[in-house]
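The values are calculated or read from the model by the stated rules, or taken from the named source; none is laboratory data. On a predicted model such as this, the values are computed, not experimentally measured, just so you know. Cβ placement follows ideal geometry from the backbone for every residue including glycine, while neighbour counts extend to all protein chains displayed. The area values use the complete protein model at the heavy-atom level, side chains included, leaving out ligands, DNA and RNA. Shrake-Rupley method; radii C 1.70, N 1.55, O 1.52, S 1.80 Å.
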Amino acid sequence: MEKQKKIYLAEDGNLKMRPLTLEDSQIIVDWRNNPRVQSRYIYREKFTLEGQQRYFHEKVESGKVAQFIFCEERKCGDGARLDVPIGCAVLDDIHPQYAECGDWIGEDSAIGKGYSARMIRMTCDYGFRVLGLSDIVCRIFEDNPASRKGYERAGFRIAGILPRVECTDGAHKDMYFLRLKREDYGYEGK
């Protein structure tokens with residue numbers, strides 16, 4: 001199978017955003033099965049390659065979600081540049097005016113480099129400019145201050161608390177509900 005050429009939708013310094021492809025399925029499975037990532041989601045069951053491929057066909061290809069891979073541009077010893085996938089973001093539950101945003105850093109080596117807020121800003125920019133959204137929301141567990149900080153750096157504000165949200169493993173945790181309005185983001189039109 002011939003590899004698809006990667007098309008970048010946005011760049012911010014050494015961080016690049018491109019659409020998710022079917023070819024990315026295994027890396028998504030690996031990232032979402034990382035206990036560090038898995039513990040931050042309501043859905044905590046193991047991801048499978050078949051399930052991810054089905055999700056891609058049913059949700060991404062159909063336009064029900066907009067999902068992106070973020071790559072860190074790294075310089076090699078020979079001067080060449082290599083784009084290394086480090087994380088993912090998604091605009092899910094897309095309605096004519098709003099969507100829910102989620103993101104994760106999949107590569108442990110990319111943690112603590114400030115990528116999350118940049119990924120969120122690039123994803124929201126796509127949502128406001130390309131999809132014409134007026135609001136983007138997200139849900140973050142209260143025990144995940146790093147993620148909350150990334151969303152707040154991107155302009156989100158806490159709009160409420162969702163008490164005792166039940167995860168698929170039976171755990172109950174409170175979640176922050178955050179919101180970003182287009183006018184607060186600073187985008188003036190399509």
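Spacing of the modelled spin labels on E100 and A171, each 7 Å from Cα toward Cβ, amounts to 1.8 nm. Using 0.36 nm per residue and subtracting the Cα-Cα separation, the extra length available between I161 and R54 on full extension is 35.3 nm.
Once you sort the root eigenvalues of the Cα gyration tensor of the chain as a ≥ b ≥ c, which label holds: rounded (a/c under 1.5), prolate (a/b larger than b/c) or oblate (the other case)?
Details: a/c = 1.39, a/b = 1.18, b/c = 1.18.
It comes out rounded by the Cα gyration axes.
Normalised by the residues of the chain, what does the relative contact order come to in percent, with Cα pairs under 8 Å and at least six apart?
Working: 320 pairs, mean separation 32.6, N = 190.
Computed over the chain, the figure is 17 percent.
For K75, the aspartates and glutamates whose Cα falls under 15 Å of its own Cα, not counting residues fewer than eight places away in the same chain, are D83. Along the range 14-19 the Karplus relation, 6.51 cos²θ - 1.76 cosθ + 1.60 evaluated at θ = phi - 60°, assigns HN-Hα couplings of 8, 10, 10, 10, 9, x Hz to successive residues, with x for each Gly and Pro.
What does the accessible area per residue of the chain come to in Å², with a 1.4 Å probe and no ligands, DNA or RNA counted? If you can, show how the numbers build up before the last one.
Working: 10270 Å² over 190 residues.
Per residue, the chain has 54 Å² of solvent-accessible surface.
Local charge for H95 was computed over the other residues whose Cβ lies under 12 Å away, with Lys and Arg +1 and Asp and Glu -1, and equals -3. Taking all protein chains together and a 1.4 Å probe, the residues D93, D184, D12 rank D184, D93, D12 from largest to smallest accessible area.
By how many nm would the segment from R81 to D184 lengthen if fully extended, with 0.36 nm per residue of separation less the alpha-carbon distance?
On the way: separation 103, 0.36 × 103 = 37.08 nm, distance 3.59 nm.
Length difference between fully extended and current span is 33.5 nm.
The 3J(HN,Hα) values that the Karplus relation (6.51, -1.76, 1.60; θ = phi - 60°) gives for the range 36-43 are, in residue order, 4, 7, 4, 5, 9, 10, 5, 7 Hz. Gly and Pro appear as x.
G160: net charge of surrounding residues, Cβ under 11 Å, Lys/Arg +1, Asp/Glu -1, itself excluded? Don't skip to the answer; put the middle values down first.
Numbers: positive: R139, R157, R179; negative: D174.
Spelling it out: positives minus negatives among the neighbours equals +2.
Counting only protein heavy atoms and a 1.4 Å probe, tell me what percentage of the chain's accessible area is made up of carbon and sulfur.
Values: 5060 of 10270 Å².
Of all accessible area on the chain, carbon and sulfur atoms account for 49 percent.
Projected label points at S62 and R74, each 7 Å from Cα along the beta carbon direction, are separated by 3.7 nanometres.
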